[in-house]
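To keep things clear, I will list the structure first and then write my remarks on it.
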2 protein chains.
Amino acid sequence: MPSYKAPVRDGLFILHEVLQIERHAALPGFADLTSDTLAAVLEEGGRFAEEVIQPLNRQGDMQGCTRHADGRVTTPDGFKEAYAQFVAGGWGGLAGDPAFGGQGLPHVVATAFEEYMIAANMAFTMYPMLTQGAIAAIRAVATPAQQRKFIPKMMNGTWTGTMNLTEPHCGTDLGLLRTRAEPEPDGTYRITGTKIFISSGDHDLSENIIHLVLAKLPDAPDNVKGISLFIVPKLLVDDDGNLGARNAVTCGRIEEKMGIHGNATCVMNYEGATGYLIGERDKGLRAMFIMMNAARLGVGVQGLAQSEVSYQNAATYARERLQGRALSGPQNPAGKADPIIVHPDVRRMLMNARAFNEGARALSLWAALRVDLAENAATPEERQAAEDEIGLLTPVIKGYFTDKGYENATNAQQCFGGHGYVREWGMEQFVRDARIALIYEGTNGIQALDLVGRKLPAHGGRALRTWLQTVGTSAAACVADEATRFVGEPLQRALDDLQGATGWLMRNALTKPDNAAAGSMAYLHLMGLVALGHQWALMARAASAALANGAADADFYTHKLAVARYYFSHLICETAVHRARVEAGAAPMMALPAEAF
Amino acid sequence: MPSYKAPVRDGLFILHEVLQIERHAALPGFADLTSDTLAAVLEEGGRFAEEVIQPLNRQGDMQGCTRHADGRVTTPDGFKEAYAQFVAGGWGGLAGDPAFGGQGLPHVVATAFEEYMIAANMAFTMYPMLTQGAIAAIRAVATPAQQRKFIPKMMNGTWTGTMNLTEPHCGTDLGLLRTRAEPEPDGTYRITGTKIFISSGDHDLSENIIHLVLAKLPDAPDNVKGISLFIVPKLLVDDDGNLGARNAVTCGRIEEKMGIHGNATCVMNYEGATGYLIGERDKGLRAMFIMMNAARLGVGVQGLAQSEVSYQNAATYARERLQGRALSGPQNPAGKADPIIVHPDVRRMLMNARAFNEGARALSLWAALRVDLAENAATPEERQAAEDEIGLLTPVIKGYFTDKGYENATNAQQCFGGHGYVREWGMEQFVRDARIALIYEGTNGIQALDLVGRKLPAHGGRALRTWLQTVGTSAAACVADEATRFVGEPLQRALDDLQGATGWLMRNALTKPDNAAAGSMAYLHLMGLVALGHQWALMARAASAALANGAADADFYTHKLAVARYYFSHLICETAVHRARVEAGAAPMMALPAEAF
């Protein structure tokens, strides 16, 4: 059976020593966050994930969700009880606005906890994650009355939420959607259509499910400019918040899929269901993107979390499994064989994952802190700067983290040999679960396009320019210090590659947009490597400072520097090939006629 | 439902125009192989795979194999009938020795057919593939009488074969195995032990199953030098070949696994089963390696085949799925959207797969021709040269092809977006099936070690030296010709990287073997890229010559050159990063103490 230990020590290092969150004590939620409180929250959250949620992960995969003959959907054994504990513990509202009953902690803390939950049980955690996304959309565009009616019960978890975008013939291209919304005299709408791939679409965890649904009004333009957003509750809610009749929305089928079997991925049939318009008519996509952008950061964390939990299990196995001898001579001479962790190729797979996990964790918390700053920093300039950074890094975090998460889960499975391929050890589940994160909330190809097509050119390239300066400053600081020069020099070379690739795009993609799209995935990976390199630079300086100051826990910092060294000796060198691919352009990629495929 | 079309045209191009098999007419089996016969065999084989085997692939995955209460194992619906057709068609003995009832065709033809079978249904094809491996081992070491007794019925498919190596506590390190073989007065042995992960271990396809089992004699050294190889038939066979009593070998369980559900992966319990020693006692590993080396080439072809079939389905989907518009302007203005094949990032995934598939197909057939030459070439020098080449390239074909096969199957699934993640379209099955090929017959890490630890240094580096010269000559020929210079120059740079990495290993790994092991996977991929580059050089020259000669099918050759251009503009540049990883050495990889993981 797989196990999981929440990496609380690593999180505290990042929060205190790298991000130095104490500097942000003026922000709401940060002031009361003493070092002890923070440690207590993460430790309690870690224990909840380890002890309550993780033990249900295998069972959830094997049993899956069930749609009964009467249309009811039930989750795997134990999910309902665990969800009740989640609600009772107030975990859903950790970073929620106290005005709606939330605990008002910073996003950066909630994100640390979110990683633990996903690592423990990704399918389970999708139920509350989608609720968070739905809350974000309602907060962004709904009226105050609508917010008061729906948000508090969603925030405390009594109700859950979903996003309904995809239809059988359209996913990425929402302009094609066919779901209709007919206005009724009472101001509501009758929603009719079929939505597919709806995560958490129906289940038995919560009293009610608040569906956010994209649909078109009869007289709307038949393209992306004619899409409106509706709240469609599973059970109707009266003005006092009491549950009423069943709405005309049903789960038609649970999809058979590769993984995340514990989450009910539903075909949802809307048959004249009552819906409430939120935000302006025909402007629904904007609200959905608010929801989606928050969700994309969460999906990035899914990549990290699956990499972390599969790494932990592979590391344990590699320390325990006896097979063969070290090439440099027996390491376990009393035994009949050495543990396989003595073999460099096993180390390679573990170190690849570890260098990613620690770098990605730092970047995910760095981004979450920007979310706090974008909402609450003192000046508009600071808020805008944070917004720029989040916007730029969101597609990188979603795309790069999930690509690497899948790769690392695959490598962790590989450490088990044949035992990784059979179900018994649970490793193949991590691979199957991790796989979805490259697809949903916009495929990674869409993330790459968003990066090069929208985020780079926005405001004349302001966000990238500022971020490149930030990274360059960190690299220079590392070069200036003997103890971190091994970080600074390769980071500068990687930054050169990123700047070179950016320059090439500026010169070659304006008139030929295919050149941007052809290099977009390579560019995303190049930027991911530099972004993690930046975090490693910050971590290396913090670790080096701690050692210079005689920190008690010297092993932690020495190991941190050792992993940094591996990142800069073995991983970041990949930037050169991504740059070469960007600069190779679209022509060879597009040369064949479509019929030749 | 996924579909499949055997790439016969491409195979004929490789056989006639690249390998020019007509030059080998003096070899047995080649003389009668007119161009028409060859085309007919491949076309008929392709049809058999497409029409008989492929339609069972999804069903086989969904239904899996069943172990009944009485211990019988049955395969998915339709497998038994399809296998009977396979036997009736004589497909199992395609390249078999006519002395044992085989058809005596060259291996190079059988390998082309093997790709079709695996692409159509990997789980099904493992039954006959393992039989081929077992035949190879019996031929290599068994007595003439044993060969006459077992081989003919295995070759015609009436009986099937298995390999029994792995035990619960040992896979890679066979020295640890515990299965015992007690000599009986009649010269047979009583075999007792548990073997796991036995592919095709029990089933209802054939009259009998011939298990090849590694076990230790009571007085044997307790390490790899004390392992003997036994034939243990499921049903005992008398001297006239009649089937007798059930032997004491049973399937204790079918493993629940990630994929290849149509193949029964069994725990096999040997409880004093009657076994027949083949080959010398304590030398069983040598025979098993003969079997394994042939099998490794076959597993490499599994990587290619899964890449090909998933590519074909992704290409079809990309041509048909309408979503979004081309960045360069609508390509399907009459429709509401363009087919997604207009998007460069979709092309990237398709072109990556295609450039691999065509290069890997050429290399797999090139290697199969070497198997023919190693067996039958006129002079000992030619046979040795072919043997050298196979030995060198076997770990590359197994490791590189299966890594890329999994990657390409994952990308093909990605082209489908959410539809790739649900079972309905069959794409996720290709990923799950392809995954095993990185693990069995020696994990890819073991392949990499075999390459740098055994194959490179063998005979003072003779095999590599000769092969590098061969590749260098091809590259130079491409450079000399204006039409193929775009191939020759990047191939020379890639070759420089390979030679540089090799030189580094020679200077740094002799005294520190961890340096070889730490870079072994990067070296394997570097060599894989160069090996495919070599095949692309041969293909580009052939295609360019055909066009210069006014070949009728000009589109085929023009497209071949377009894919070559993509390989050399976008893919082979990766050699630089693999070289950098080799040269980064073991120290950063091994720096952490084992307890720190």
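The values are calculated or read from the model by the stated rules, or taken from the named source; none is laboratory data. Note that the structure is predicted; figures quoted are calculated from it, not measured. Methodologically, a virtual Cβ is constructed for each residue, glycine included, from the backbone with ideal geometry; neighbour enumeration extends over all protein chains shown.
Go through segment A:543-597 and count every residue that is more than 9 Å from chain B (Cβ to nearest Cβ) and not in a helix (DSSP H, G or I).
Qualifying residue count, segment A:543-597: 5.
Please verify whether residue B:353 is in a helix (DSSP H, G or I), surrounded by 21 or more Cβ atoms within 10 Å (Cβ to Cβ) and of a type in the set (A, V, I, L, M), treating the condition exactly as stated.
yes
Looking at segment A:421-441, which of the residues that are facing chain B (nearest Cβ under 10 Å) and either surrounded by fewer than 21 Cβ atoms within 10 Å (Cβ to Cβ) or at pLDDT below 95 (or both) is nearest to the chain's Cα centre (by Cα)?
Checked segment A:421-441; the qualifying residue nearest to the chain's Cα centre (by Cα) is A:423.
Could you list all residues from segment A:523-542 that are over 25 Å from residue A:405 (Cα atoms) and either within 14 Å of chain B (Cβ to nearest Cβ) or polar (S, T, N, Q) (or both)?
Hits for segment A:523-542: nothing passes.
If residue B:180 satisfies every condition in (1) closer than 17 Å to residue B:246 by Cα; (2) without any contact (Cβ under 8 Å) to a residue 60 or more places away in the chain; (3) buried (at least 17 other Cβ atoms within 10 Å of the Cβ) but one, which is the exception?
So residue B:180 meets the others, but not (1).
Quick one: residue B:317 ticks every box in (1) touching a Phe, Trp or Tyr at 6+ places or on another chain (Cβ under 8 Å); (2) at the interface with chain A (Cβ under 8 Å from one of its Cβ atoms); (3) over 30 Å from residue B:107 (Cα atoms) except a single one, so which number is it?
(2)
Name the one entry in A:66, A:74 that is at pLDDT 95 or above, within 30 Å of residue A:146 (Cα to Cα) and touching a strand residue (DSSP E or B) at 6+ places or on another chain (Cβ under 8 Å).
A:74
Would you call residue B:144 away from every other protein chain (no Cβ under 14 Å), surrounded by fewer than 23 Cβ atoms within 10 Å (Cβ to Cβ) and either out of contact with any helix residue (DSSP H, G or I) (no Cβ under 7 Å at 6 or more places or on another chain) or on the phi > 0 side of the Ramachandran plot (or both)?
yes
Does at least one position in segment B:140-163 carry a residue that is touching a Lys or Arg at 6+ places or on another chain (Cβ under 6 Å), under 13 Å from residue B:288 (Cβ atoms) and part of a strand (DSSP E or B)?
Among the residues of segment B:140-163, not one is touching a Lys or Arg at 6+ places or on another chain (Cβ under 6 Å), under 13 Å from residue B:288 (Cβ atoms) and part of a strand (DSSP E or B), which makes the answer no.
Here are A:92, A:45: which of them is at pLDDT below 95 and either assigned to a helix (DSSP H, G or I) or more than 21 Å from residue A:9 (Cβ to Cβ) (or both)?
The conditions single out A:92.
Restricting the search to segment A:329-387, which residues are of a type in the set (Gly, Ala, Ser) and within 12 Å of chain B (Cβ to nearest Cβ)?
Scanning segment A:329-387 gives A:329, A:335, A:337, A:353, A:355.
Looking only at residues that are within 14 Å of chain B (Cβ to nearest Cβ) and touching a helix residue (DSSP H, G or I) at 6+ places or on another chain (Cβ under 8 Å) in segment A:256-271, which one is nearest to residue A:151 (Cα to Cα)?
Ranking the candidates gives A:263 first.
With respect to residue B:14, is the statement that it is closer than 22 Å to residue B:126 by Cβ and surrounded by 17 or more Cβ atoms within 10 Å (Cβ to Cβ) true?
Against the criterion (closer than 22 Å to residue B:126 by Cβ and surrounded by 17 or more Cβ atoms within 10 Å (Cβ to Cβ)), residue B:14 does not qualify.
So that you can scan it fast, the table gives a plain yes or no per residue for (1) without any contact (Cβ under 8 Å) to a residue 40 or more places away in the chain; (2) away from every other protein chain (no Cβ under 14 Å); (3) of a type in the set (A, V, I, L, M, F, W, C):
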position: B:200; (1), (2), (3): no, yes, no
position: B:203; (1), (2), (3): no, yes, no
position: B:215; (1), (2), (3): no, yes, yes
position: B:230; (1), (2), (3): no, yes, yes
position: B:237; (1), (2), (3): no, yes, yes
position: B:243; (1), (2), (3): yes, yes, yes
position: B:246; (1), (2), (3): yes, yes, no
position: B:250; (1), (2), (3): no, yes, no
position: B:253; (1), (2), (3): no, no, no
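Considering only segment B:454-472, state which residues are outside any helix (DSSP H, G or I) and either touching a residue at least 40 places away in the same chain (Cβ under 8 Å) or under 17 Å from residue B:367 (Cβ atoms) (or both).
Result: B:456, single match.
In this structure, does residue A:156 turn out to be at pLDDT 95 or above, within 30 Å of residue B:420 (Cα to Cα) and of a type outside the set (Val, Ile, Thr)? Step through it out loud before you land on a result.
Numbers: at pLDDT 95 or above: yes; within 30 Å of residue B:420 (Cα to Cα): no; of a type outside the set (Val, Ile, Thr): yes.
Answer is no for this residue.
Just for strands (runs of 3 or more DSSP E) wholly inside segment A:176-257: which have at least 2 residues that are not hydrophobic (A, V, I, L, M, F, W, C)?
A:180-183, A:189-199, A:208-216, A:227-233, A:243-246, A:249-254
Which one of A:367, A:305, A:318 is closer than 22 Å to residue A:7 by Cα, crowded, with 22+ Cβ neighbours inside 10 Å, of a type in the set (A, V, I, L, M, F, W, C) and touching a strand residue (DSSP E or B) at 6+ places or on another chain (Cβ under 8 Å)? First the steps, then the outcome.
Details: A:367 fails: touching a strand residue (DSSP E or B) at 6+ places or on another chain (Cβ under 8 Å); A:305 fails: touching a strand residue (DSSP E or B) at 6+ places or on another chain (Cβ under 8 Å).
Exactly one of A:367, A:305, A:318 is closer than 22 Å to residue A:7 by Cα, crowded, with 22+ Cβ neighbours inside 10 Å, of a type in the set (A, V, I, L, M, F, W, C) and touching a strand residue (DSSP E or B) at 6+ places or on another chain (Cβ under 8 Å), namely A:318.
Please enumerate the residues belonging to segment B:420-433 that are in contact (Cβ under 8 Å) with a residue 60 or more places away in the chain and either within 23 Å of residue A:173 (Cβ to Cβ) or acidic (Asp, Glu) (or both).
Passing the criteria: B:425, B:427, B:433.
Are any residues in segment A:442-453 in a loop (DSSP other than H, G, I, E, B) and at the interface with chain B (Cβ under 7 Å from one of its Cβ atoms), and if so, which ones? Give the derivation first.
Residues of segment A:442-453 that are in a loop (DSSP other than H, G, I, E, B), as a first pass: A:442-443.
The answer is A:443, and nothing else.
Could you say which residue among A:187, A:244, A:252, A:161 is farther than 29 Å from residue A:86 by Cα, small (Gly, Ala, Ser) and modelled with pLDDT of 95 or more?
A:187
Can you tell me which residue is farthest from residue B:441 (Cα to Cα) among those in segment B:194-210 that are surrounded by 23 or more Cβ atoms within 10 Å (Cβ to Cβ) and of a type in the set (D, E, K, R)?
B:202
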